[in-house]
Amino acid sequence: MAVVGALRKGQLRDSSKLLAFVHGTARNLINNWLRRESHGPRLESLPEDVEDVGSAVLSEDAERMRLVRQALERLGLKDRRILWMTLVEGRKPAEIAAALGLTSEVVRARKLRGVKKVRGLIEAKLSRN
C-alpha cells in the first residue's frame with residue numbers, strides 16, 4: 001500500500017527503477033517496524049498455571065450491571081427518566097424540567113434522591129453477599 005500511495009503521489013522519478021523503489025520502500029517499512037518493536041515492552045507468555053482474571057472481571061461487571069438494573073427498577077418511572085436524562089444523555093436540570101413539566105429544583109432533588117436510593121439498594125445487596 002505504501003508503494004501504491006507513493007506512486008500516486010508521483011514519488012517515483014524514473015519508471016525503469018520501479019523494482020529498486022519497491023525494494024527500498026519495503027526495506028524502510030521493515031526497518032521502521034523493527035525500530036518500533038525494539039522500544040516497546042517485551043511480551044512473554046504466562047505459565048499455564050496462572051488463572052484467567054479476565055473472565056472474573058467480566059463476571060464482576062455483569063453482576064454490577066445486574067444490581068444497578070434491579071435498583072433502577074425499584075425507582076419510579078419519572079425518577080428513572082430523570083437519572084437517564086442526566087447521567088446518560090448529559091442534559092441539564094433546566095432541560096429535563098422543561099421536558100417533564102417540572103421545576104429545576106424538583107429535578108435536582110429527585111435526581112439526588114434517586115442516586116442515593118440506587119446506591120443504598122446496591123450497598124444493601126452487596127453487604128448481604
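Each value in this text was obtained by applying a stated rule to the coordinates, not by laboratory testing. For clarity, every value in this text was computed on a predicted model and none was experimentally measured. Counting neighbours? That spans all protein chains shown, and the Cβs are built from the backbone with ideal geometry, glycine included.
Between E123 and R66, the modelled labels are 2.3 nm apart [label points 7 Å from Cα along Cα→Cβ]. Look at (i) 73, 36, 17; (ii) 37, 31, 25; (iii) 77, 50, 20: the one that is Cα extents along the principal axes in Å derived from this structure is (iii). Taking the longest Cα principal axis of the chain as reference, the axis of helix 104-128 is set at about 80 degrees. On the beta carbon distance between E44 and Q11, with R0 = 35 Å, the FRET formula returns roughly 0.30. Straight-line cross-link partners of K78 among the lysines, defined as a Cα under 27 Å from its Cα and at least 8 positions apart when in the same chain: K92, K111, K116, K117, K125. Need the list of lysines near K17 for cross-linking: C-alpha distance under 23 angstrom, and skip anything on the same chain fewer than eight residues off. Within the straight-line limit of under 23 Å, K17 reaches these lysines: K9.
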